[in-house]
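For reference, the structure is listed below as structure tokens.
The values are calculated or read from the model by the stated rules, or taken from the named source; none is laboratory data. Quick caveat, the model's predicted, so the values are computed rather than measured. Please note: Cβ atoms are built from the backbone with ideal geometry, for glycine as well, and neighbour counts cover all protein chains shown. Surface accessibility is based on the protein's heavy atoms, side chains included, excluding ligands, DNA and RNA. Shrake-Rupley method; radii C 1.70, N 1.55, O 1.52, S 1.80 Å.
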Amino acid sequence: MAVVKELTNEIESSGRKLNEVTYNLLINTVVSAGNVESAWNWIDQMHKNGVPVDHCTCSIMMKVAKYSKNPTDVKRAIALLDSCHIDICKDEVLLNTVLDCCTRLRETRRLQYVLEQVETNRPPSSVPTYSLLIKAYGFLKRIERCWELWEEMTQKRHFEPSEITLGCMIDALVSNGKVDESVQLFNSWKSRVGPTTVM
């Protein structure tokens, strides 16, 4: 980390300013090294220098929140997301990170808010996003919406579900007491989507 600090000092002493791309690289570097507090310090530095926090910064810190055992990291990541006023639906990587984080951490209110935003935007453009949406709606016990997404993905848009997507749909059904439906779904897709141990 001393090398990183030395490099940034060298850049700044040359009269050049760090931009959001450089800050995001620095933040990602320290997070990858397990130094979360240093990442927050870099974000503070961004604020002080008038460099805007962007979708990439938020995505990095939401990933931190997803795996952190420190509840403060979760609160700070969500506060950072709120303060940026970013439309997360315009960045599918950020959207997926937020969906995954909120579902994993059982942040029900936040998840409902995010899903309301998703429903007013264009349909998802990838199978991984459908997987996370199905997982989220299953967690919220909105199984009818899970089916709507499944049919939209497989019938209207002709996307081929992955093992993860099928697993998310089966899990949503089983978790909501729809065991017979989950068995039917599994049997109808197992020849096309390889069954996994989890399924």
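Things worth noting here:
- Rounded to the nearest 10 degrees, the angle from helix 92-104 to the longest Cα principal axis of the chain is 70 degrees.
- Estimated from helices alone, the mean residue ellipticity of the chain at 222 nm is -21500 deg cm²/dmol (sum of -39500 (n - 2.57) over DSSP H runs with n ≥ 4, per residue).
- Diffusion constant of region 54-122 at 20 °C, which comes from Stokes-Einstein with the Kirkwood Cα-pair radius and 1.002 mPa s, µm²/s: 181 µm²/s
- Residue-wise HN-Hα coupling along region 107-121, computed from phi with Karplus coefficients 6.51, -1.76, 1.60 (Hz; x: Gly, Pro): 7, 4, 4, 5, 4, 4, 5, 5, 5, 4, 5, 4, 5, 9, 10
- For the chain, carbon and sulfur atoms together expose 51% of the accessible surface, with a 1.4 angstrom probe and every protein chain in place.
- Over region 90-136, the hull volume per residue, using the convex hull of the C-alpha atoms, is 63 Å³.
- Dimensionless Rg ratio for region 61-181, taking C-alpha atoms and the 2.2 N^0.38 Å reference: 1.06
- Taking the average, over residues, of other Cβ atoms within 10 Å as the packing measure, peptides 40-46, 130-136 rank 130-136, 40-46 from highest down.
- Inter-part distance where region 62-117 and region 24-55 are each reduced to a Cα centre, Å: 17 Å
- Degrees between helix 20-32 axis and first principal axis of the chain (Cα, 0 to 90, nearest 10): 70 degrees
- Scoring 20-32, 55-67 by mean Cβ neighbours within 10 Å over their residues and listing the highest first yields 55-67, 20-32.
- Net charge over other residues, Cβ less than 14 angstrom from the Cβ of Y113 (K, R count +1; D, E count -1): -3
- Links that overshoot a 32 Å alpha carbon limit, given the list K48/K90; K69/K156; K48/K141; K75/K190; K66/K178: K69/K156; K48/K141; K75/K190
- Computed on region 131-199, the Cα convex hull volume stands at 75 Å³ per residue.
- Among the trypsin sites (Lys or Arg not before Pro) found in region 151-199, those both in a DSSP coil and sparsely packed, with 13 or fewer other Cβ atoms within 10 Å of their Cβ, are R157, K190, R192.
- Sequence ranges 145-155, 103-113, ranked by mean other-Cβ count within 10 angstrom, highest first: 145-155, 103-113
- Net charge contributed by nearby residues that have their C-beta within less than 12 Å of K178 (K/R +1, D/E -1): -3
- Estimated dipole of region 101-182 in Debye, rounded to 20 [Cβ of Lys and Arg +1, of Asp and Glu -1, Cα centre]: 380 debye
- Folded to 0 to 90 degrees: helix 179-189 orientation relative to the chain principal axis, Cα: 80 degrees
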